[in-house]
Structures are given as structure tokens and as C-alpha cells.
Amino acid sequence: MDDSPFSGPPPGRPPGSPDDEQAAGLDRRAELSEFLRTRRARLKPEDVGLPALGRRRRVPGLRREELAQLAGVSVAYYTRLEQGNGRNVSAEVLDSIGRALRLTGAEQAHLTHLATPRPPRRKHRMPKRQQVRASLRHLLDSLEVPAYVAGARSDILAWNRMAAALFGDWGSMPAGERNWARLTFLHPAYRELFLDWETKASDMVSYLRLYAGQHAEDPDLSALVGELSVKSETFRKLWATHDVKEKGHGVKRMRHPLVGDLTLAYETLHLPDDTEQYLCVYHAEPGSPSADALRLLANWGTDATTVRTV
């Protein structure tokens, strides 16, 4: 069976997922504990100007007492926090710990989300349906470059014909399969499409981790993470790193089955009226071979989505 994104719908989700466990969402305390532990493990005493305590270190990175010293808190206080007890921790303490851990802006925001208590959620609440404004769909249709709107969990919500020509016929897929994490890890054709697939995969998990810090109670997120962890060893290893990253801008190198290699810059624009949705636009440098390839792709139009890879 051809699993190309350019050749029709992929297989659906397998039956037998652990619904009860997924519905509970992710464990925020465990997420906080593992995030702090992994951030501490990546630092060495010499990285932060501390002398190494003792000759042998049983665990990689800074010890808890070293991190507490840098952050200006007691070892007992930091230990409780790393054990997942973030109750009543102040923003000032979180900032101090973030500085000690050399956190990025995205990582600091992630730590704050994990350590901030959430009100108890109502049981059996149905997730809000993601909708794209009509005017935004009209904007997509007017663009002559690949563009799409994605939302919670990196679900693909709307796209234009150039995005379909570049990435595949998303319209032929079940709605539940239109998700960048699933496409990246479960569809081999996307591994061939992105020449820097390892970077794409790492970034995808980092985006999902950042979302998880804000929406740990999302049952659909828990289901997605569970499915990918079972089906993809690469995803499972990347998820265990607890790396987080905000989607922004950059460059992607691709190998399209019709027009060959492309180097495209992308820009991510977060929508002001729905912070979970963002518009992603791809474009090529004017006069470049990639710009010529995009024009050729535009000439093929919807026919490009039917191209089958070998």
C-alpha cells in the first residue's frame, strides 16, 4: 500500500487504545518533575561556575544542592518542587530557578505553566471544536504560496491549493489524521519529503511538549501521545527529552516527487483572537530555483496532489 501524502488517504487509527487512561490526560506533577530533572541533567558545574562536589557523580548534570545554591533556595524547597509539588511557588522563585537552569523563554513559560495550579476541570467535558474564520479561509485561498492554519496539538485545520500541492492531499484524509505529529512520525512519505527529517521530528515533539504544559488535561493530547509512543520509537525517545520550543520561523529543505528539491523559508503567525491557532506560510527566495519549482507546482495545481511516489 502506498503511504505517500500525494496519493490518497492513509490508514486510520488502530482500535484498542486505552481510553480510560487517555481520558485522564497527562500527569502535570510528573511533567514538572521530569522537566526540572532533565533541565538539571544537561548542566555541568563548570557550565555555571561551580566547583564539582565530590569525585564521582552518580547522575549526570548538576546535583540538587548545586542547583538550589544557584537559585538561592533551600535544598528541601527545590527537592519538593522537583518532586512535582509546585503549590504556592512564587513567580520570583520560578524566575530564579529558570535563570539557574539557563532556560530559554519557551522553557521558562513551560515551567511556569507546569508549576501553576489549575482549577479542577469538569468531568467528561467535550473538547471545543476548532473552527477557522471564513475571512481567514478567504485569505488562504488568495495566497499564491503554500499556507495553512493549524491549531491545538498541531491539527491541520485549513489550507490552500498550494499547500495541498506541496504537502499532499490532506482533503482525502480523515479529519483525525490531519495532524503534523501523526504525519511526521507515522507516514514514511513525509520522512522522504523533508530532507532534514530528524530536525523536523525534534521540532515537532518540542512544539507538542510546549502545548502539553498548557493543556495537560486535554484527553485528545493524551491519546495522541499514547498512540505515537506505541507506534514510533523515535517519538518515544524524543518525548522523553522534555525539550520545548515555540514555533517561529526558519527554513525547510524538501524533495518533492514532482518538482524535485526546494529550499523554502517559513513564517508562523499566531492569531490574535485564538492563541492556539497559527498561520504558517512558506515562500522561496525570488529568482531562485525553488521559486521556479513553486511556479511549476502552481501550474500543476490540484493535479500535483495525485502524484504517486515510488
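Derivation of every value follows stated rules applied to the coordinates shown; laboratory data play no part. None of the values given here were measured: they were computed from a predicted structure. Quick reminder, even Gly has a Cβ in these numbers, built from the backbone with ideal geometry, and neighbours come from all protein chains shown.
Distance from the C-alpha centroid of the range 131-146 to that of the range 202-263: 24 Å, rounded to the whole angstrom.
Magnitude of the charge dipole for the range 55-112, about its Cα centre and with charges confined to Cβ atoms of Lys, Arg (+1) and Asp, Glu (-1), is about 440 debye.
Arrange 211, 282, 77 by Cβ neighbour counts within 10 Å, fewest through most, would you? Intermediate values should be presented prior to the final figure.
On the way: 211 19, 282 23, 77 15.
The order, fewest Cβ neighbours first, is 77, 211, 282.
All C-alpha to C-alpha distances of the range 23-115, sorted into 10 Å bins beginning at zero, yield P(r) values of 16, 53, 25, 5, 1 percent in whole numbers.
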